[in-house]
1. Based solely on its DSSP helices, what 222 nm [θ] is calculated for the chain when runs of n ≥ 4 H residues each add -39,500 (n - 2.57) and the sum is averaged over all residues, nearest 500 deg cm²/dmol?
2. Tell me whether the stretch 23-68 comes out rounded, prolate or oblate; compute the Cα gyration tensor, take square roots of the eigenvalues as a ≥ b ≥ c, and use a/c under 1.5 as the rounded threshold.
3. Heavy atoms only, 1.4 Å probe, whole protein assembly: order Glu225, Glu68, Glu50, Glu164 by accessible area, highest first.
4. Rounded to the nearest 5, what % of DSSP beta bridges with both residues in the stretch 203-336 are antiparallel?
5. Past 21 Å, Cα to Cα: identify those pairs from Lys247/Lys269; Lys155/Lys205; Lys173/Lys322; Lys43/Lys87; Lys118/Lys178; Lys183/Lys311, in the order given.
6. Rounded, prolate or oblate, given the Cα gyration tensor of the chain, with a/c below 1.5 counting as rounded?
7. May I ask you to list the GluC sites (Glu not before Pro) in the stretch 237-336 that are in a DSSP loop and have at most 16 other Cβ atoms within 10 Å of their Cβ?
8. If you take the beta carbon distance between Gln88 and Glu68 as r and set R0 to 41 Å, what does 1/(1 + (r/R0)^6) give as a FRET efficiency, to the nearest 0.05?
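The values are calculated or read from the model by the stated rules, or taken from the named source; none is laboratory data. Quick caveat: nothing in here was measured; it's all calculated off a predicted structure. Cβ placement follows ideal geometry from the backbone for every residue including glycine, while neighbour counts extend to all protein chains displayed. Accessible surface is based on the protein model in full, side chains and every heavy atom, while ligands, DNA and RNA are left aside. Shrake-Rupley method; radii C 1.70, N 1.55, O 1.52, S 1.80 Å.
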Amino acid sequence: AIAHAQAALPNVVILATGGTIAGAGASAVNSATYSAAKVPVDKLIAGLPELSKVANVRGEQVFQVASESLTNDNLMILAKRVSALSKQADVDGIVITHGTDTLEETAYFLTLTVHTTKPIIVVGSMRPGTALSADGALNLFDAVNVAASKDAAGKGVLVTMNDEIQTARDVAKTVNIKTEAFKSQWGPLGMIVEGKNYWFRAPVKRHTMQSEFDIDTITALPAVEIVYGYQSVPSTAIDAFAKSGVKAIVHAGTGNGSVADRIVPVLQKVRSDGAIVVRSSRVPDGFVIRNAEQPDDKYDWVVAHDLRPQKARILTMVALTKTNDTKELQRIFWEY
Ligand code: DGL
């Protein structure tokens, strides 16, 4: 019988940026004490021979940085590389290995700015590969599986952690010491079990091809900073940010995005001096209601909807590359 040529495997590129998935611990019992961003991408791939049955995989070491230390410049370089690769006919999917601390920020930035229907998967691990019950190998196997899957196309940037497929927009690191760390308050999109994807829902917010933002036309990101609300908070941080010339301040308020009475006039002045004020909340779940805790129409402030402060900052930066009209900014927060 004529041997059937093995169906050509999809081509997946792994862009490595650092983090625990590239970490190494002192011993097998060090699941939390280790150095992140050590193992190079070719070693990550060599350590997972099972990948060769899923896709033709090649790696690029874009950075080797613990993700708490990534900057806007890193974000721009990474996103432009993802965009360029996504346009290549010999690339079917892209995986980004990343530290888990700020993985959700990178994933959201990519889903807002990279115009492709090809699967883009951001993945990390909570334990270094040297630890007992390390999670990086299976997380990376799952990420390459989804990146090689036709049924993952057009769903926006995805995050595969702990057998779940999460959408970049909703997912956040909610636990700092468990492998089941990444949660979306609206639930995962699906799961991967033994290399097979099981889908249960699709995103309703704009992303990738439907986005009005395009990394290929973004040259710089404006300064957008976050201030935290709590009892007895002074205006020192806001004053310093305002003086440094930020283009927007995200206020991580209490409850439904509440602002302390002594802070309201400070934020009003931030707005009247031309910067944007975005009301978010330190409460992780739920969403800020416009004109509820504060008269946003009257103060000309924007509400962050269900986006946590760190996600609201990413969207505000991207939105400000296009407009600083507050009605447009509020529309953008409803739609992305
Ligand atoms: N330093 C943290 C980071 O690079 C380690 C956390 C991790 O990657 O799981 O995000």
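1. On the way: 9 runs with 87 residues, N = 336.
Value at 222 nm, helices only: -7500 deg cm²/dmol.
2. Because a/c hits 1.5 or more and a/b fails to exceed b/c, the stretch 23-68 counts as oblate.
3. Sorted by accessible area, descending: Glu68, Glu50, Glu225, Glu164.
4. 5 percent
5. Pairs exceeding 21 Å: Lys173/Lys322; Lys43/Lys87; Lys118/Lys178.
6. Prolate, since a/c reaches 1.5 and a/b exceeds b/c.
7. none
8. For Gln88 and Glu68, the calculated efficiency is 0.85.
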